[in-house]
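Single-structure report; data block below.
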Amino acid sequence: MSKDSKKIKTRDASDGALGAKHLRVGWCFVALYLTMGLCLEVMHGFKVDWYLNVSNETRRLMFTLAHSHGTLLGILHIVFGLTLKGEGASDASWARRAGACLTGAAILLPGGFLLGGVVIYAGDPGRGVLLVPVGAALLLFAVVTTALNLRKN
Amino acid sequence: MDFELLSIGLLLSIGAVFALRGMWSEGEGRSRWLAAGLWTVAFTAIAWAATDYGPRERALAPLTDQPIELNVDGYVSSRACEACHPREYGTWYDSYHRTMTQFASEEAIAAPWDGIEVQARGVDYKLEQDGDEFWVEMDDLSHRGGGPAPRVKRRVVQTTGSHESQFYWYASGDGRRLSLLLIYWRLLGEDRWGPLDGCCITPPDSGQESETGRWNRVCNRCHATHVSPRISDEDGDGFYDRWDTHAVELGIACEACHGPGGAHADNYRDPFKRYSAYSAEEGATDIVNPGKLDHERSSEACGQCHGILVFAGDEGRERWRESGFEYTPGESLHDSRDLVMEGDGQFWSDGMIRVSGREYNGLVRTPCFVNGEMSCLSCHGMHQAADDPRPREEWADDQLHPGMRGNLACTQCHKEFDDEAYLTAHSHHAPGSTGSNCYNCHMPYTTYGLLKGIRSHEISSPDVRASVETGRPNACNQCHLDKTMAWAAEGLEDWYGIDKPSLNKEQREVAASILWSLKGDAGQRALMAWSFGWESARLASGTEWSPPFLAALLSDPYHAVRYIAERSLKDLPAAKGLRYDYMMERSGRNAGMMQVLKNWGTKQGATNSRAAPELLIETDGVFNPHAMQQRINQLLSERVDPPLTLNE
């Protein structure tokens, strides 16, 4: 077996691996943030003041945003993984860069909202919300990178 | 490092591990360093912003110089109610009850503030806003030495009112004791500043006080929810030196009417209990619903504020000074406080209430309450009904049920008056006319407050004898401003068999409104000034004859009377081009009065030479303005005008 064919085989193996990794990460995020949704419903059910009291409206908003963004980013990971598999693009360096940014966004964006709701300052969220724009920038980078490179392919 | 910063750092690091690793391993040369650089910038920006985040400091700064909100005694504040009762919470939120007292804020302060300069009663007030703080620069009111008072800056921390007028309280610097700013903002589209003593009937030479401590001692009783005044004389020198007032909530909130809600909120956190209660359609038993109390108890919930009450004993007063009122809705109000039913400054001499905000005093004298089941809630609702089509603003103005400005208020019990013929036979007024409105005869505007006439809230019948004996305008003459009391007495005798009282020459020959305007006390004059602008009275009496009498009130010694007269006059032709402000110096006010008289006299001379002695219009074929002015001056000289304060 030549060096070239070995290299190609390795790439073939990693091809599926990156797509599968994002599928796995995506489902994990969906599971995590759907569980969070369940927790929010429980807090509604038991009228937990810490969540529902009108003076905690900011917390309620932040948690709702964390739940929706987390779930959405999980789904985006799944879509990204399926895209890589469908397009056979896992070996491309843009895919690894976009994937890394997507993972960073999935941590920082909903995480920022979540943290911004844990500690609140009256009508203002906690400082964790500062992570949100960083996560949003990563997400934007990942989405734009994917869109441009898929078009090239 | 606190928990929050630690969590941010941890999350950012995890994000960095994933994002940066991928970008680093796949990037080349310059792009690697670009990614690392961007990440470093982001990290630094977040670190800087997180340590310099403004709201944190503001939220954590303790309020030491103003009353605060604190849940005590089983009260949990409206914030706990919204989760289960969003509609009720929403209607209350849009009501003027909520905004009766507010922390000073951009949202709460209705007046223009930053950079505004106001001059009132010879004092300059300079208003400034610094971020979310509101300041006023003014003369030091505590200055007692010689020479001019030094200028001081005070922080405005609290507001009172949001519907008709708004008043401002500043931190006195003595504990949580507040002082009142001596200017107030008039709302309702009038949008103007005025001196504090111009808002009420108070003798013009009584001076202005900053009322330091008044909010802590008096106003909070009704303008906030479950207040603990926490006022005491710690060193025994006879003066209060501890001012540590707190309230469950500023403004009149849910628990003012429903009582403490802590047990109810705790109980119904359990969703199974809630849904069980829904399906059983049963009401909660662990909280008071005034709508389900009998008419006396439910009215007492309103009467705790809308009545004139005194402590039943000194012990009760002492306990109140520390921990507030013991009364909670559903209990008998009269166990802890006595209802006052007479007294100068608040009542007509026969015991009918004459100042606003005390409607409970009128209700308890009403036969429909005494012999029937009428309550405040017969007409008013504290929550707008879901099927009420009116805009929220319209409902919030008086919080009446739909139709309650008309005869439905009475016909919900007195159903016979639903029949138009029956109603006409009774009222002797055309159906649909203002004289056919039950209220206008049976609950006239004989209460004064908020710079206007307000319905008495005591259902009574028109009575000229009562007018003669108490000076209170009767319903007939308050609408038919151009008629004499003799005319009203004859009508009442013809229609209802009411005996005519004995009347003097003036009462027989001069329109009652003119007598009350020129010879009445300040309260009567204020009511008449308002009545001249009341649309129903204008329809019944016309407006072409009234300017001379409103003009006379433009130079009234009482600021409030002048204010109301100016407002009633301004849309009449005689006021065209009028240069007048109710707080002008006397010479300016007199000039304004003369201008109105000139405008009116010119028109009157040209268009109407009909004699009307009851309106002091004398003619010999040609209108004689001098004869009229002489009669006005004569009546003014007969005015008995004792200093009058109407305690609204």
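No lab work stands behind these numbers, since they all come straight from the coordinates. Values in this document were obtained by computation on a predicted structure and should not be read as measured data. Every residue, glycine as well, gets a Cβ built from its backbone with ideal geometry; the counts of neighbours run over all protein chains shown.
Values as computed for the structure displayed
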item	result
Dipole in debye (nearest 20) - the protein assembly as shown, about Cα centre, beta carbon charges: Lys, Arg +1; Asp, Glu -1	3880 debye
Alpha carbon Rg of the stretch B:462-648, scaled by the compact-globule rule 2.2 N^0.38 Å	1.00
Hull-based mean projected area of the protein assembly as shown, where the convex hull spans the alpha carbons, in square nanometres	48.7 nm²
Cα-based shape type of the stretch B:112-231, given that a ≥ b ≥ c are square roots of the gyration tensor eigenvalues and the cut on a/c is 1.5	rounded
Per-residue average of Cβ from other chains inside 10 Å of A:36-48	2
Shielding by other protein chains, B:75-83, mean Cβ within 10 Å	4
Residue pairs, from the table B:K126/B:K598; B:K505/B:K598; A:K21/A:K47, whose Cα atoms sit over 31 Å apart	B:K126/B:K598; A:K21/A:K47
Ellipticity estimate at 222 nm from DSSP helix runs (n ≥ 4, -39,500 (n - 2.57)) divided over chain A, nearest 500	-29000 deg cm²/dmol
Taking the convex hull of Cα positions in the stretch B:325-420, its mean projected area over all directions (nm²)	9.0 nm²
Theoretical ellipticity at 222 nm over chain B - DSSP helices of four or more residues, -39500 (n - 2.57) apiece, nearest 500	-10500 deg cm²/dmol
Shape category assigned to the stretch B:148-190 from the gyration tensor of Cα positions, a/c cut at 1.5	oblate
Inter-chain Cβ neighbour average for residues A:99-110, partner chain, 10 Å	6
Ranked list, fewest to most other Cβ atoms within 10 Å of each Cβ, for A:V119, A:V144	A:V144, A:V119
Mean separation of Cα contacts under 8 Å (6+ apart) over length of chain B, as relative contact order %	10 percent
Relative contact order computed over the stretch B:462-648 (Cα-Cα under 8 Å; 6+ residues apart), in percent	20 percent
Dipole in debye (nearest 20) - the stretch B:68-250, about Cα centre, beta carbon charges: Lys, Arg +1; Asp, Glu -1	260 debye
Links that overshoot a 20 Å alpha carbon limit, given the list B:K292/B:K415; B:K483/B:K519; B:K452/B:K576; B:K570/B:K603	B:K292/B:K415; B:K452/B:K576
On Cα atoms only, tilt of B:625-637 relative to the major axis of chain B in degrees	70 degrees
Tensor-based shape of the stretch A:3-152 (alpha-carbon gyration tensor, a/c under 1.5 rounded, otherwise prolate or oblate)	prolate
Positive-pole candidate from B:F43, B:H626, B:S299, dipole of the protein assembly as shown, charges at beta carbon	B:F43
Listed residue (B:V72, B:G122, B:P391) projecting farthest to the positive dipole end of chain B, Cβ model	B:G122
Cβ crowding within 10 Å averaged over residues, with B:377-388, B:466-477 ranked highest first	B:466-477, B:377-388
Ratio of the Cα radius of gyration of chain B to 2.2 N^0.38 Å, where N counts its residues	1.18
Within chain B: Cβ-based charge dipole about Cα centre, in debye rounded to nearest 20 (Lys, Arg +1; Asp, Glu -1)	1700 debye
Dipole axis of the stretch A:3-152 (+1 Lys, Arg; -1 Asp, Glu on Cβ), positive-most option in A:L52, A:G117, A:I75	A:I75
